[in-house]
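J.: Quick one: the structure is below, questions incoming.
The values are calculated or read from the model by the stated rules, or taken from the named source; none is laboratory data. Fair warning: this is a prediction, and the values are worked out from it, not measured in the lab. Virtual Cβ from ideal backbone geometry, glycine too; neighbours counted across all protein chains shown. In case anyone asks, the SASA skips ligands and DNA or RNA and just uses the protein heavy atoms, side chains included. Shrake-Rupley method; radii C 1.70, N 1.55, O 1.52, S 1.80 Å.
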Amino acid sequence: MFNLPKYGDGLCLARLAMLLDALSIDRVRLRKHSVVVTGSNGKGSTAAFCASIGRAFGLRTGLFTSPHLYRFNERFQIDGVPVDDELLEALVLRVATAIADLKQHTLHETFGAFEAQFALACLYFQETECEFAVFEAGIGGRYDPVRLVGADITCVTSVDLEHVNLLGNSLELIACDKSDACISGGTVVYGENCLPMRGNLAEYNRNRNVTGLHIGGEITISNVFASSKAQAFNCRLGAFDLRALELMLAGEFQLNNAAIAAALFILWMQRMHPDATTSAIDLAVRTGLRDTRWPGRLEIVQRDPLTVIDVGHTPDGVAQALKSLRAIHGDDNWLLVLGVSGDKNVDDIAKHLAPVFDTIVCTRAYHKGADARVVGAAARKAHPAARIHVANAMEDAVRLSQQLARAVPRKIYVAGGLFAAIEYATVLRGGKAQDLVFF
């Protein structure tokens, strides 16, 4: 949608601020009405939960996420509805024109596509008078476009070793980078896997007077119940004792994401709507969490044979999803379809998945996929006794895996990369993987 490279020239904050000014974005209003979601895994689900809670309270709610799964429009939603094609085209033209004017008269730097998309989301939410907006970070927080939201309520859903050249080569450095999306005097809600870093994060945040709240610390999860159809749990934060909250999204890791989303909304409401009753907020959290739908996360895309996809693409993300898959659907009679993006560590992904599958179909996504033979070699290294099949095209992987699953019979799990999972689901439903357009 933008004829721009993925990343611009170096740090984006100054030129992006100029773009927001050119678009007449009211940054004071933007800050007051927004929360920001950062993290390595779980950002999309957390953002979706939070936006759903806002809608349930009756607020006109904007949601900016990335990447999209099937259509670019998914990145810009109001009240759960992606922006329509005609309006999106008009917004793209306005942002592109503003960028062109800046480059002609003032600026001699190249914008990145994600920067332009962030500006578009700000423009869209402002002109439609959103009362609550949820922004998902792209990479990190310190230099990510979402830092310009100026939010004083943010989160770090989880941290994993990702983008280490940009964010740092330790979990502590990455967590600190993502914490910087929050302005001085604000509050960061940290996911459960940040708890071991609590002391370091407290000292890092001290000079900016930023408060950290941790899942497993000030925010507790208890009384967890899970079935193949739903999950339930209790969540406590300060005076809020939320009992028997229900989720339709599968995976134990979603409890962390849901609790973070509830905390973000409660903290934002206490600042923006201090007169709101506890019962009204409780009802919004309860309804919003229950009503959230977010594709690609342990999503059942076919019942016979049972076929589940997951778009996790970091080592911790795939490990957490696999654990939940087996807890929900059982340990036995699975076949793995494995595809990994070429910019990821194929061996790291394979070693978290391959050892528990005796049959593995290795494939390559059309978009950014690592060579199927490389994936196959990684799978064989991780599990030498497994039966490894190599399917160079996604269509072949779908056909072969479905044949193998019906013959035994087996269940199918498609994992290892976002693009592989979504391309598989698209082909399975009769579409063409090549027609998908990713950013």
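J.: Among Val149, Val81, Val35, whose mean-square fluctuation peaks in a Gaussian network model of the chain (Cα, cutoff 10 Å)?
T.: It is Val81.
J.: Of the listed peptides 244-250, 219-225, 268-274, what is their order by residue-averaged count of other C-beta atoms within 10 Å, with the highest listed first?
T.: My ranking of the peptides, most packed first, is 244-250, 268-274, 219-225.
J.: Scan around Ala365 for amide H atoms under 5 Å from its own, H built in the peptide plane at 1.01 Å from N, and keep only partners 5 or more places away or cross-chain.
T.: Residues meeting the criterion, in which the H sits 1.01 Å from N, are Val340, Ala370.
J.: Per the 1.4 Å probe, what fraction of the accessible area of the stretch 359-439, in percent, lies on carbon and sulfur atoms?
T.: Values: 1920 of 3550 Å².
About 54 percent, which is the carbon plus sulfur part of the accessible surface.
J.: What is the spin-label model distance, in nm, from Glu131 to Asp358 if the labels are put 7 Å beyond Cα along the C-beta direction?
T.: Those two pseudo-labels are separated by 5.7 nm.
J.: Based on alpha-carbon atoms only, what is the radius of gyration of the chain relative to the globular estimate 2.2 N^0.38 Å?
T.: That works out to 0.97 for the chain.
J.: Okay, moving on. Roughly speaking, what is the stretch gain from Tyr143 to Asp435, that is 0.36 nm per residue apart minus the C-alpha to C-alpha distance, in nm to one decimal?
T.: Value of the extension gain: 101.9 nm.
J.: Please turn the phi angles of the stretch 66-83 into ³J(HN,Hα) values with the Karplus equation 6.51 cos²θ - 1.76 cosθ + 1.60 (θ = phi - 60°), one per residue in order, whole Hz, x for glycine and proline.
T.: Once θ is set to phi - 60°, the couplings for the stretch 66-83 become 7, x, 7, 9, 10, 9, 4, 4, 4, 5, 10, 10, 10, 6, x, 10, x, 4 Hz.
J.: If you take the beta carbon distance between Asp101 and Asp331 as r and set R0 to 60 Å, what does 1/(1 + (r/R0)^6) give as a FRET efficiency, to the nearest 0.05?
T.: E between Asp101 and Asp331, to the nearest 0.05, is 0.55.
J.: Set the Förster distance to 30 Å, then compute FRET efficiency between Ala232 and Leu195 from the Cβ-Cβ distance, nearest 0.05.
T.: That gives a FRET efficiency of 0.85.
J.: What FRET efficiency would be calculated for the residue pair Asn207, Asp21, taking the C-beta separation as r and a Förster radius of 25 Å, to the nearest 0.05?
T.: 0.30
J.: Moving on. Mean-square fluctuation check for the chain, GNM, Cα pairs under 10 Å: which of Ala319, Ala100, Ala354 is largest?
T.: Ala100
J.: Kindly provide the GluC sites (Glu not before Pro) of the stretch 50-132 that DSSP labels as loop, not H, G, I, E or B, and whose Cβ sees at most 13 other Cβ atoms within 10 Å.
T.: Numbers: sites: Glu74, Glu86, Glu89, Glu109, Glu115, Glu127, Glu129, Glu131; in loops: Glu109, Glu129, Glu131.
Counting only loop positions with at most 13 other Cβ atoms within 10 Å, the GluC sites (Glu not before Pro) in the stretch 50-132 are Glu129.
J.: Can you pull the three principal axis extents for the Cα set of the stretch 1-139, in Å, largest first?
T.: Principal-axis extents of the Cα atoms in the stretch 1-139, largest first: 45, 29, 28 Å.
J.: Stretch Arg293-Ala90 to full length: gain in nm at 0.36 nm per residue minus the Cα-Cα span? All intermediate terms of the calculation are to be shown ahead of the outcome.
T.: Values: separation 203, 0.36 × 203 = 73.08 nm, distance 2.81 nm.
Full-extension gain reported as 70.3 nm.
J.: For a quick check, take a GNM of the chain with Cα springs below 10 Å and name the residue from Thr292, Thr97, Thr359 with the largest mean-square fluctuation.
T.: Thr97
J.: Quick check for you: which residues of the stretch 19-44 have the amide N under 12 Å from the point 7 Å beyond the Cα of His163 toward its beta carbon?
T.: Output list for this probe position: 38-41.
J.: Per residue, how large is the accessible surface of the chain? Use a 1.4 angstrom probe and give square angstrom.
T.: Accessible area per residue: 41 Å².
J.: Which entries of Lys43/Lys178; Lys344/Lys381; Lys381/Lys411; Lys6/Lys32; Lys323/Lys368; Lys229/Lys432 have Cα-Cα distances beyond 19 Å here?
T.: Lys381/Lys411; Lys6/Lys32; Lys323/Lys368; Lys229/Lys432
J.: Roughly what % of DSSP beta bridges within the chain run antiparallel, to the nearest 5?
T.: Of those bridges, close to 40 percent are antiparallel.
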